[in-house]
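Single-structure report; data block below.
The values are calculated or read from the model by the stated rules, or taken from the named source; none is laboratory data. Only a predicted model underlies this, so the values are computations on that prediction, with no experimental measurement involved. Glycine also receives a Cβ, built like all others from the backbone with ideal geometry; neighbour counts cover every protein chain displayed.
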Amino acid sequence: MRFNKLDLNLLAALDVLIKTRSVTRAADEMFITQSAMSNALGRLRIFFDDPLLVQVGRSMELSPLAETLQEPLREIMTRVDAATRIRPHFDPLTDDRVFNLVISDYSLAVMGAQLSQRIAALAPNIQLNLRPQHAHPSQLLDRGEADLVILPDFIDPEGHAHELLFEDHLVVLVADDGPHATAEMTEERFGAAPHVVMEPFTAQESFATVTMRVAGVVPHKVLSTYLFSSIPELIRKTDRIALIQGLLAQQALRRGGFVIKPAPFPCPPLRQSIRWQSHRSRDPGLMWLRDQIMQAMGDVLAE
């Protein structure tokens, strides 16, 4: 099939060539011979009147035009892939679809058990891949590398279809045998106390860090971690404190050894939403999975 004199099959080849930056790897990924891929690249170069891939030393680099084509082409291919995978019906008891969900360790710690139990009971044949947070989560949706992402609204407040999953509030967590357990958590005490903070690998700031910065509070950081869920145990039996999500703090409180204090300055609510590509809003499988996530979170809040 052709469009504007371009064989549309070449778009798939161009997408893989841009991704791999290698004729050999692109041929392997598309299960064709290297000569066939070289031929496809030659035809693409003629059509676009551009080299697209340029030999630099032992590797291939994208031309400026190929750089420009990368994102819109990936979006086109993702939409085509999504359209061909949509089925008019989804039966959780028999379907064996694979779903990719991007979720932070915070949300996973809060509702992961409930979601896993629901999936195991209702859809024993599907595969759910849980992926870590990413510096640019919207790109994972655009590239088709994620079906759904669960994000705080402050990271990606616009773009893509979304549904509010839950709201949480920041609190101060302290050890119940430490110096802060019975004292009022004033702003002065909060600022002077040694802090455990979460610092993502993604070069983003956590919601707690953003909230403190906006409030003009500079914490006395003594320990940083890459997991929200590790914070309570890093505080246990010490004089350290943390500004942490309330649902995580409540889990720690149930395990024992902690006291929860209100933050000594205003903290806006933390809103976590499910996000997906709008053109997949009517995908029966994704509709079912979104509903299971919502119900799993409802189970958590009802406990």
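Numerical summary
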quantity: Residues being buried (at least 20 other Cβ atoms within 10 Å of the Cβ) and within 17 Å of V98 (Cα to Cα) - total across the stretch 260-289; calculated: 7
quantity: Cβ-Cβ under 6 Å pairs, at least 6 apart or on other chains, the stretch 184-203 side at positive phi and surrounded by fewer than 13 Cβ atoms within 10 Å (Cβ to Cβ), far side of a type in the set (G, A, S) and in a loop (DSSP other than H, G, I, E, B); calculated: A203/A135
quantity: Condition met for I150 (touching a residue at least 60 places away in the same chain (Cβ under 8 Å), assigned by TED's automatic domain parsing to the domain that holds R275 and not charged (D, E, K, R)); calculated: yes
quantity: Test: residue in the stretch 138-146 that is in a loop (DSSP other than H, G, I, E, B), among the hydrophobic types (A, V, I, L, M, F, W, C) and touching a Lys or Arg at 6+ places or on another chain (Cβ under 7 Å); calculated: yes
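Conditions tested, residue by residue: (1) in a loop (DSSP other than H, G, I, E, B); (2) crowded, with 19+ Cβ neighbours inside 10 Å.
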{"position": "M111", "(1), (2)": "no, yes"}
{"position": "A121", "(1), (2)": "no, no"}
{"position": "N129", "(1), (2)": "no, no"}
{"position": "I155", "(1), (2)": "yes, yes"}
